[in-house]
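Step one of this worksheet: look at the structure below.
The values are calculated or read from the model by the stated rules, or taken from the named source; none is laboratory data. No experiment lies behind these values; they were computed from the predicted model shown. In this analysis, Cβ positions are derived from the backbone assuming ideal geometry, glycine residues included, and neighbour counts consider all displayed protein chains. Just so you know, the surface numbers come from the protein's heavy atoms only, side chains and all, with ligands and any DNA or RNA stripped out. Shrake-Rupley method; radii C 1.70, N 1.55, O 1.52, S 1.80 Å.
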Amino acid sequence: MVMQPVLETLDIRISRGHDLAYEVELRLGEREFPAGALDPAVIAAVAEAGPGEAGARLFAAFVADERVRMAWNLAAALAPRRRIRLRIDDDAPELHTLPWEALRDVSPAAADREPAADRDTPFSRLIPWAQALPAALGERPVRVLSAVAAPSDLDSYHLPAIDRADEAHAIADAMALAPAGLVEHTALAGPCTLANLEAALEQGFHVLHLVAHGVVRRDGELALFLEKDDGSVDRVDATSFAAMLERLTRELRLAVLMVCSSAVRSPGDPRIGLAPRVLAAGVPAVLAMQDLMPVPAGRAFTRALYGELWSAGEVDRAANRARATLLTGEVRGSAVPVLYSALAGNRLFTAAAHARPAPVQSAQIQSAQIQSAQIPGAQMHPAPDRKSVV
């Protein structure tokens, strides 16, 4: 494991102000800067921007207030390498609809940098956490459960088919990047029912990697397309999925939801949406998608995410590295993944370890039965007549 330097943290908090504007507070470590404001017109301004310009327009609006701009620039000068945590208060849920992961500083001094894809500025959205935070994992192995929902009748819902075997192989490739003894990877053999997921997770996993289709309903909630016992579609709502997680013990530290629109939030209610419900169920870090995730982006992001995570142990650093990989490869979708986290230092596991002497082999779980197998994992495959997304 590569030890990374301890970074100062720039905390950004946005809440509803006393007037029409939002209040913006920035704090770098113990240094607190004067509060500024964010114009509510930012939402309309970003919505009118093209995909390539949304991040630059959002950044321009964010630093339009001189107090915010000075605080941002001073923080960058004092700590060029800094962890950035964005907290949006529950009284301003509509701000979660903005693509903060696309934020792009186009000023000459910044050289067109994107904080959420920069190695020097690991980026996450901070979520309030009333429970006692679990410590970073010190024991080995880190236990990962992957699950692929590939219902047989997706075409009835005008959704592209998911190839379970190909998805599994892609995930396995990403897990194989881990040093020997660090990770124990288990794949859920189909059908990917809610009950089978629960039975598997009860065995005590630290990471859940889920590949499935997701569709936002008219009420703003997400419908997850899992499977019934016969392999057909089971539309599971976010509330039921989160209730399943809440019934478990608290081993699960990170949920990676390779599910389109799984990070979509309601502009009127901070509790609505799959990601906030999973967080409320007791999972302290959730990496989810705020839009449709193209096939090439899903493949490249998954591999780069785990490659960095197994090296450094920090979830925000891994997410930044994965976004950078998409940008470098000119693969569309770099700003789609959103990391919500309450993990201290965004650290999943520590360098201290009680590693097993031999490499950990993959396994497959079907219902409550464990069978030996080699695992694999997460790609997305195109339908013949439409863009392929999960």
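So in the stretch 9-32, with the set limited to residues that are closer than 14 Å to Trp72 by Cα and open to solvent by 20 Å² or more (accessible area, probe 1.4 Å), which one is modelled with the lowest pLDDT?
Gly29
Could you pull out the residue among Leu224, Leu248, Leu197, Leu210 that is part of a loop (DSSP other than H, G, I, E, B) and closer than 28 Å to Pro134 by Cα?
Numbers: Leu224 fails: part of a loop (DSSP other than H, G, I, E, B); Leu197 fails: part of a loop (DSSP other than H, G, I, E, B); Leu210 fails: part of a loop (DSSP other than H, G, I, E, B).
Just one listed residue meets the conditions, Leu248.
Please give the strands (runs of 3 or more DSSP E) falling wholly within the stretch 284-390 in which 3 or more residues are under 26 Å from Ala165 (Cβ atoms) and modelled with pLDDT of 95 or more. Spell out how you get there, then give the answer.
On the way: elements: 285-289, 337-341, 363-366, 369-372.
Of the strands (runs of 3 or more DSSP E) lying wholly inside the stretch 284-390, those with at least 3 residues that are under 26 Å from Ala165 (Cβ atoms) and modelled with pLDDT of 95 or more span 285-289.
Inside the stretch 143-164, can you point out the residues that are in contact with a Phe, Trp or Tyr (Cβ under 9 Å, 6 or more places away or on another chain) and exposed (fewer than 15 other Cβ atoms within 10 Å of the Cβ)?
Listed by number, the list holds a single entry, Tyr157.
Here is a yes/no grid of residues against (1) touching a Leu at 6+ places or on another chain (Cβ under 9 Å); (2) in a loop (DSSP other than H, G, I, E, B):
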{"residue": "Ile84", "(1), (2)": "yes, no"}
{"residue": "Asp91", "(1), (2)": "no, yes"}
{"residue": "His96", "(1), (2)": "no, no"}
{"residue": "Asp120", "(1), (2)": "yes, yes"}
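Report, by residue number, each residue of the stretch 54-80 that is part of a loop (DSSP other than H, G, I, E, B), surrounded by 15 or more Cβ atoms within 10 Å (Cβ to Cβ) and either out of contact with any Phe, Trp or Tyr (no Cβ under 7 Å at 6 or more places or on another chain) or not aliphatic (A, V, I, L, M) (or both). Explain how you work it out, then say what you get.
Taking the stretch 54-80 and keeping what is part of a loop (DSSP other than H, G, I, E, B), we get 63-65, 79-80.
Checking which are surrounded by 15 or more Cβ atoms within 10 Å (Cβ to Cβ) leaves us with 63-65, 79.
Hits for the stretch 54-80 are Ala64, Asp65, Ala79.
Considering only the stretch 179-198, how many residues are surrounded by fewer than 22 Cβ atoms within 10 Å (Cβ to Cβ), small (Gly, Ala, Ser) and either in contact with a helix residue (DSSP H, G or I) (Cβ under 8 Å, 6 or more places away or on another chain) or within 19 Å of Pro151 (Cβ to Cβ) (or both)?
The qualifying residues number 3.
State all residues of the stretch 320-343 that are under 30 Å from Ala130 (Cβ atoms) and either of a type outside the set (Val, Ile, Thr) or touching a Gly at 6+ places or on another chain (Cβ under 7 Å) (or both); if no residue qualifies, say none. Spell out the reasoning first.
From the stretch 320-343, those under 30 Å from Ala130 (Cβ atoms) are 320, 322-323, 335-343; that's our starting set.
Listed by number, the residues that qualify are Asn320, Ala322, Arg323, Ala335, Pro337, Leu339, Tyr340, Ser341, Ala342, Leu343.
Of the numbered conditions (1) of a type in the set (A, V, I, L, M); (2) touching a Pro at 6+ places or on another chain (Cβ under 8 Å); (3) within 20 Å of Arg85 (Cα to Cα), Val183 satisfies every one except a single condition; which is it?
(3)
Quick check on the stretch 265-285: of everything there that is open to solvent by 10 Å² or more (accessible area, probe 1.4 Å) and touching a Ser or Thr at 6+ places or on another chain (Cβ under 8 Å), which residue is farthest from Phe349 (Cα to Cα)? Spell out how you get there, then give the answer.
Step one: filter the stretch 265-285 for residues open to solvent by 10 Å² or more (accessible area, probe 1.4 Å), giving 265-272, 276-277, 279-280.
Now narrow it down to the ones that are touching a Ser or Thr at 6+ places or on another chain (Cβ under 8 Å): 265, 267, 272, 277.
Values: Arg265: 29, Pro267: 34, Ile272: 30, Arg277: 24 Å.
Across the stretch 265-285, the extreme among qualifying residues is Pro267.
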